[in-house]
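Here is the structure we will look at, set down as structure tokens.
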Amino acid sequence: MKKIIFVVAAIIVGAMVVGTLDNIHPFGEPGASPMDDHFIASALKDRSSENVVTSIVFDYRGFDTIGEAAVLFTALCSITALFREGRKKL
């Protein structure tokens, strides 16, 4: 019975993956979404940047990048505090 459930679940997950991959636009085709058109049209006007990739990474996604860096820094500090030597033993 477990094998049948596993096979059915694998078929369902496989069908979902194939269906999702079928809906992805081919690599390199511009204009896949309305946001792409917005970024291309307003990069120079809004962000004074001729490079669209730079305006997205450093301006539009700047706060997100700072948040990710803060989470990684906090995790690093926590792990360092847990594994440091020299703690008092009871």
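Read-outs: derived from the displayed coordinates by stated rules, not from any lab. Bear in mind the structure is a predicted one, so any value in this text is a computation, not a measurement. So basically every Cβ, Gly included, is an ideal-geometry build from the backbone, and we count neighbours across all protein chains shown.
In order along the stretch 67-75, the phi-based Karplus estimate (6.51 cos²θ - 1.76 cosθ + 1.60, θ = phi - 60°) of 3J(HN,Hα) comes to x, 5, 5, 5, 5, 5, 5, 5, 5 Hz; Gly and Pro are listed as x.
Amide H contacts of Ser49 (H built 1.01 Å from N, in plane; Pro and chain starts excluded): Leu44 sit under 5 Å, all sequence-distant by 5 or more or on other chains. Placing +1 on each Lys and Arg Cβ and -1 on each Asp and Glu Cβ, with no other charges, gives the chain a dipole about its Cα centre of roughly 1000 debye. Normalised Debye scattering of the chain at q = 0.11 Å⁻¹ gives log10 I(q)/I(0) of -0.72, counting only Cα atoms as equal scatterers and leaving out solvent.
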